[in-house]
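The values are calculated or read from the model by the stated rules, or taken from the named source; none is laboratory data. Note that the structure is predicted; figures quoted are calculated from it, not measured. As a convention, Cβ positions derive from the backbone with ideal geometry for all residues, glycine included, and neighbour counts pool all protein chains shown.
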Amino acid sequence: MAINNSPAINILHMGFRYPGGSGVIFSDLNLKVAKGERFGLFGPNGAGKTTLISLMTGLLAPDKGQIELFGHRIGRERNLVNNLFGFVPQDFSFYQELSPVENMEFFGAWSGLDKKTIRNRTDELLQILGLEEVRNKQVQNSLAV
């Protein structure tokens with residue numbers, strides 16, 4: 001897999017809001033990170049860090065604009081992009097602002113699993129753990145992790 005001379009991350013005029021959400025998360029985000037440059041996301045809870053990572057990994061789709069990793073557009077070349085892009089979460093645990101299902105979708109997509117496989121494995125795991133009733137509740141409000 002050859003990596004071209006395009007920026008490592010190139011976000012162009014990206015906009016995003018959660019369906020049914022009360023506000024815009026990103027309205028016109030532009031970001032360019034050069035190949036070899038180190039990059040981190042810092043900010044308070046609710047600033048959009050997890051949302052941006054979810055957009056960059058293809059778990060969420062932007063409402064407008066585009067995201068490219070090494071010249072490969074997210075959404076069109078998802079498996080290739082997942083092989084090129086890595087991140088280190090702050091803690092080795094669930095994202096507190098997401099539900100157990102959203103956490104499983106995020107990490108399953110990151111691993112390159114298709115949506116049907118993620119859904120089946122998530123349902124099976126939640127049943128085994130007895131967590132079906134909190135499947136769509138935020139981890140921070142429903143689980144002691």
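I need a count of the residues in the stretch 28-55 that are on the phi < 0 side of the Ramachandran plot, loosely packed, with under 14 Cβ neighbours inside 10 Å and free of Cβ contacts under 8 Å to residues at least 40 places away in the same chain. First the steps, then the outcome.
So the first thing to find is which residues in the stretch 28-55 are on the phi < 0 side of the Ramachandran plot, and the list is 28-35, 37-42, 44-45, 47, 49-55.
Applying the additional criterion that residues be loosely packed, with under 14 Cβ neighbours inside 10 Å yields 28, 30, 32, 34-35, 37-42, 44-45, 47.
Within this subset, residues satisfying the condition of being free of Cβ contacts under 8 Å to residues at least 40 places away in the same chain are 28, 30, 32, 34-35, 37-42, 44, 47.
Within the stretch 28-55, residues that are on the phi < 0 side of the Ramachandran plot, loosely packed, with under 14 Cβ neighbours inside 10 Å and free of Cβ contacts under 8 Å to residues at least 40 places away in the same chain number 13.
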When every residue in the stretch 56-68 that is over 11 Å from Ile11 (Cα atoms), surrounded by 14 or more Cβ atoms within 10 Å (Cβ to Cβ) and not hydroxyl-bearing (Ser, Thr, Tyr) is compared, the one farthest from the chain's Cα centre (by Cα) is Asp63
Leu80 versus (1) in the same structural domain as Gly23 (by TED's automatic domain parsing); (2) modelled with pLDDT of 75 or more; (3) out of contact with any Phe, Trp or Tyr (no Cβ under 8 Å at 6 or more places or on another chain); (4) of a type in the set (A, V, I, L, M): which is the lone unmet condition?
(2)
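Let's see how each residue does on (1) part of a helix (DSSP H, G or I); (2) farther than 19 Å from Pro7 by Cα; (3) at pLDDT 85 or above:
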residue: Ile53; (1), (2), (3): yes, no, yes
residue: Glu68; (1), (2), (3): no, no, yes
residue: Arg76; (1), (2), (3): no, no, no
residue: Gln90; (1), (2), (3): no, yes, no
residue: Gln96; (1), (2), (3): no, yes, no
residue: Glu105; (1), (2), (3): yes, yes, yes
residue: Thr122; (1), (2), (3): yes, yes, yes
residue: Lys137; (1), (2), (3): no, yes, no
residue: Gln140; (1), (2), (3): yes, yes, no
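Of Gly21, Gly48, Gly15, which residue is within 22 Å of Gln138 (Cβ to Cβ), touching a strand residue (DSSP E or B) at 6+ places or on another chain (Cβ under 7 Å) and outside the structural domain of Lys115 (by TED's automatic domain parsing)? Spell out how you get there, then give the answer.
Numbers: Gly21 fails: touching a strand residue (DSSP E or B) at 6+ places or on another chain (Cβ under 7 Å); Gly15 fails: within 22 Å of Gln138 (Cβ to Cβ).
Being within 22 Å of Gln138 (Cβ to Cβ), touching a strand residue (DSSP E or B) at 6+ places or on another chain (Cβ under 7 Å) and outside the structural domain of Lys115 (by TED's automatic domain parsing) holds for just one of Gly21, Gly48, Gly15, which is Gly48.
What is the residue count in the stretch 2-33 for residues that are over 18 Å from Thr57 (Cα atoms) and of a type outside the set (Asp, Glu)? Even if it seems obvious, please write down each step before you answer.
Residues of the stretch 2-33 that are over 18 Å from Thr57 (Cα atoms), as a first pass: 2, 4-5, 19-24, 27-28.
Now restrict to residues that are of a type outside the set (Asp, Glu): 2, 4-5, 19-24, 27.
Summing the residues that are over 18 Å from Thr57 (Cα atoms) and of a type outside the set (Asp, Glu) in the stretch 2-33 gives 10.
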